[in-house]
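Taking it in order: structure first as structure tokens, then the write-up.
The values are calculated or read from the model by the stated rules, or taken from the named source; none is laboratory data. Note that this is a predicted model, so its numbers are computed, not measured. We place every Cβ from the backbone using ideal geometry, glycine too, and count neighbours over all the protein chains shown.
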Amino acid sequence: MAKQTRYIFVVGGVLSGLGKGIAVSSIGLLLKSRGYRVAAMKIDPYINVDAGTMNPTEHGEVFVTADGLETDQDIGNYERFLDTELTRHDYMTTGQVYLSVIERERALGYNGKCVEVVPHVPEEVIHRITTAARVNRSDIHIVEIGGTVGEYQNMLFLEAARMMHLRMPGRVQFVLLSYLPIPGQLGEMKTKPTQYAVRTLNAAGIQPDFILGRGAVPLDAPRKEKLSINCNMRPEDIISAPDVKNIYHIPLNFEKERLAEKILTKFKMPARRRDLQQWKTFVRHSMSTAEPLRVGIVGKYFASGTFTLSDSYLSVIEAVKHAAWSLRRPVEITWLNAEQYETNIASLKELRAFHALIIPGGFGSRGVEGKIAVIQYARQQAIPILGLCYGMQLMAVEFARHVLKWRDANTTEVDVATKHPVIDLLPEQERLMKEHHLGGSMRLGAYPCRLTSTTKTAAMYDRRQVIERHRHRYEFQNRYRQDFERAGMVIAGVEPKRQLVEILELPSHPWFVGTQFHPEFLSHPLQPHPLFVGLLRAGIQRKKTK
Ligand code: GLN
């Protein structure tokens, strides 16, 4: 008999950016802690077929699944909280849905029927959701619908959810994450915007089972009462979701409100005993009051008007936190704008104040010379540094320029005419670029990497081979390998089939490691990534010896 999977749709009201992804992740964690098989998926209302073509300053980090789909950063949150691996089935955009419907129509897949937005588009959405649940073998499958209720963009997804609720009695629930403002001049928490969000949802044929009330402070009894009466819900189904010190507290707050138990009761599933011990320990470590580790991240995807966004580097930030907390130290992250080191060389000196530096991934030539200046300084001043993807490629460029003395060395991403293209396009990428076949066409997803024993990298992994995730078009050029090795650079990891260089390491330095892959995608709260731990350990050592 087919599994009677239960579905929870999580939708947003009033504002975006309230942390729907974290709410989904937290609910998932709580249900999983009670012994259920849980997976989560995200629906993004963009026409973009995947997140790979969106600028990170607009849409945040592009996450990559093991099977190579470029997705929204929330897939990373789900993987981190659920300590699991998701696949391309767990992310859907409007673009993907329409593409499938149109391709099927072109293949006469609708047997001569008129193909219409309703029902064919919601049917395709339902097909994708139930397929994802089947692939994950979910007891409970959580679906996040991006955007806020009332937007045109997500209406067809709400329609699909409504249809599923109708077809699967007792097996579909709705959670509305909404916002309760406290206007300064009133000093009182207001429920009206959330009431309107519920009415909008009602107009789509959907009645929420739970409201998660986001606000600066917890919802008090009068607020819960008001929402209960006006939204036609029991007061115990209105859950407080106040601001927290860090996102990892949220599952514990929901647990205090007995959210998982209430969901399971409505599904008529046994509540089972929960096991949150490891999570609680992790959260306790996150509150350490020891001296913070200072980590500088040198990037460029920060600016949004007058605001600074760190979303572009979300997985990197979380990976740093997981590693620091596993060492029982808090962490203070500073955003360093790469371009400032191009015009203001003297400011490089400030880098000495950091325990460790990170050069994250990136594209194009803006900020590259600044990053190279930082790498050179860190190499010469023995500051622990980790280069991720573009960061590793620029470590190779820096080494070629200043150690091998090839002054014009570069990546062809920046200078196609260089005589020393130490980083150049992967062979298969040349054709793709020429044909302007640019969406979803990088080297993406998980590949094995064989480690060189005796390196710091291998010691930290404590393995001979690892699997890591990639997202790039350019690659270290093997014809320069011997020159690099003779000058003291160690190739610490290689992809076994094609001999692609995946890790560079300088053994004479306390921690100078660059990876062609993105280790940050695999760091989980309870499993910090060894290379981030290695970086920070070296940072702690450095401060001790100084
Ligand atoms: N721009 C580089 C490449 O395409 C690095 C990509 C990245 O940092 N993710 O290879």
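Could you say which residue among 379, 443, 407 is under 24 Å from residue 336 (Cα atoms), surrounded by fewer than 21 Cβ atoms within 10 Å (Cβ to Cβ) and of a type in the set (Lys, Arg)? Even if it seems obvious, please write down each step before you answer.
Values: 443 fails: under 24 Å from residue 336 (Cα atoms); 407 fails: under 24 Å from residue 336 (Cα atoms).
Going through 379, 443, 407 in turn, just one is under 24 Å from residue 336 (Cα atoms), surrounded by fewer than 21 Cβ atoms within 10 Å (Cβ to Cβ) and of a type in the set (Lys, Arg): 379.
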Problem - Pair list, Cβ under 9 Å, 6 or more apart: region 433-446 residue farther than 17 Å from residue 95 by Cα and more than 11 Å from the ligand (Cβ to nearest atom), other residue assigned to a loop (DSSP other than H, G, I, E, B) and small (Gly, Ala, Ser) - result: 445/66; 445/68; 446/66; 446/68
Completion exercise
Residues in region 163-179 that are in contact with a strand residue (DSSP E or B) (Cβ under 9 Å, 6 or more places away or on another chain), free of Cβ contacts under 8 Å to residues at least 60 places away in the same chain and surrounded by 18 or more Cβ atoms within 10 Å (Cβ to Cβ) total 1
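Each row is one residue, and each column tells you yes or no for (1) within 15 Å of the ligand (Cβ to nearest atom); (2) over 15 Å from residue 512 (Cβ atoms).
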| residue | (1), (2) |
| --- | --- |
| 366 | yes, yes |
| 371 | yes, no |
| 374 | no, no |
| 381 | no, no |
| 389 | yes, yes |
| 392 | yes, no |
| 402 | no, no |
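Would you pick out the residues in region 401-416 that are part of a loop (DSSP other than H, G, I, E, B) and over 30 Å from the mean Cα position of the chain (by Cα)? Working first, answer last.
Taking region 401-416 as the starting set, the residues that turn out to be part of a loop (DSSP other than H, G, I, E, B) are 403-409, 412-416.
The answer is 403, 404, 405, 406, 407, 408, 409, 415, 416.
Name the residue, out of 481, 464, that is more than 30 Å from residue 54 (Cα to Cα), in contact with a Lys or Arg (Cβ under 9 Å, 6 or more places away or on another chain) and surrounded by fewer than 21 Cβ atoms within 10 Å (Cβ to Cβ).
Working: 481 fails: in contact with a Lys or Arg (Cβ under 9 Å, 6 or more places away or on another chain).
Only one candidate passes the filter, namely 464.
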Practice task
Name every residue in region 476-532 that is among the basic types (Lys, Arg) and assigned to a helix (DSSP H, G or I), in order of residue number.
Solution key: 479, 481, 486
Practice task
Output the residues belonging to region 402-420 that are without any contact (Cβ under 8 Å) to a residue 60 or more places away in the chain, of a type in the set (D, E, K, R) and either out of contact with any Lys or Arg (no Cβ under 7 Å at 6 or more places or on another chain) or within 21 Å of residue 492 (Cβ to Cβ) (or both).
Solution key: 405, 415, 419
Completion exercise
Every listed condition ((1) more than 20 Å from the chain's Cα centre (by Cα); (2) closer than 27 Å to residue 279 by Cβ; (3) of a type in the set (Gly, Ala, Ser)) holds for residue 523 save (1)
Handout entry: Odd one out for residue 419, checked against (1) more than 16 Å from the ligand (Cβ to nearest atom); (2) of a type in the set (Lys, Arg); (3) within 24 Å of the chain's Cα centre (by Cα)
Key = (3)
Completion exercise
Screening 66, 107, 132 for residues that are in contact with a strand residue (DSSP E or B) (Cβ under 6 Å, 6 or more places away or on another chain) and more than 24 Å from residue 158 (Cα to Cα) leaves only 66
Problem - Complete set of residues in region 341-380 that are basic (Lys, Arg) and assigned to a helix (DSSP H, G or I) - result: 349, 352, 371, 379
Problem - Of residues in region 107-159 being of a type in the set (D, E, K, R), modelled with pLDDT of 95 or more and surrounded by 13 or more Cβ atoms within 10 Å (Cβ to Cβ), the one farthest from residue 202 (Cα to Cα) - result: 134
Completion exercise
So the strands (runs of 3 or more DSSP E) completely within region 132-229 holding 1 or more residues that are of a type in the set (Lys, Arg) are 210-215
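Please specify each residue of region 76-118 satisfying the condition of being of a type in the set (Asp, Glu) and in contact with a His (Cβ under 6 Å, 6 or more places away or on another chain). Before the answer, list the steps.
Residues of region 76-118 of a type in the set (Asp, Glu): 79, 83, 85, 90, 103, 105, 116.
If the condition is that a residue be of a type in the set (Asp, Glu) and in contact with a His (Cβ under 6 Å, 6 or more places away or on another chain), then 83 is the only one that fits.
Restricting to region 254-285, count the residues that are assigned to a helix (DSSP H, G or I), touching a residue at least 40 places away in the same chain (Cβ under 8 Å) and within 20 Å of residue 175 (Cβ to Cβ).
Kept after step one, since they are assigned to a helix (DSSP H, G or I), are these residues of region 254-285: 254-256, 259-267, 277-285.
Restricting the remaining residues to those that are touching a residue at least 40 places away in the same chain (Cβ under 8 Å) gives 254-255, 259-260, 262-264, 266-267, 278-279, 282, 285.
Those still in the list that are within 20 Å of residue 175 (Cβ to Cβ) too: 254-255, 259-260, 262-264, 266-267.
Selection size over region 254-285: 9.
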Exercise for the section: Specify which of the listed residues (485, 468, 495, 520) is out of contact with any helix residue (DSSP H, G or I) (no Cβ under 8 Å at 6 or more places or on another chain) and within 16 Å of the ligand (Cβ to nearest atom). Expected result: 495
Fill in the blank from the handout: Of (1) under 14 Å from residue 396 (Cβ atoms); (2) over 23 Å from the mean Cα position of the chain (by Cα), residue 452 fails just (1)
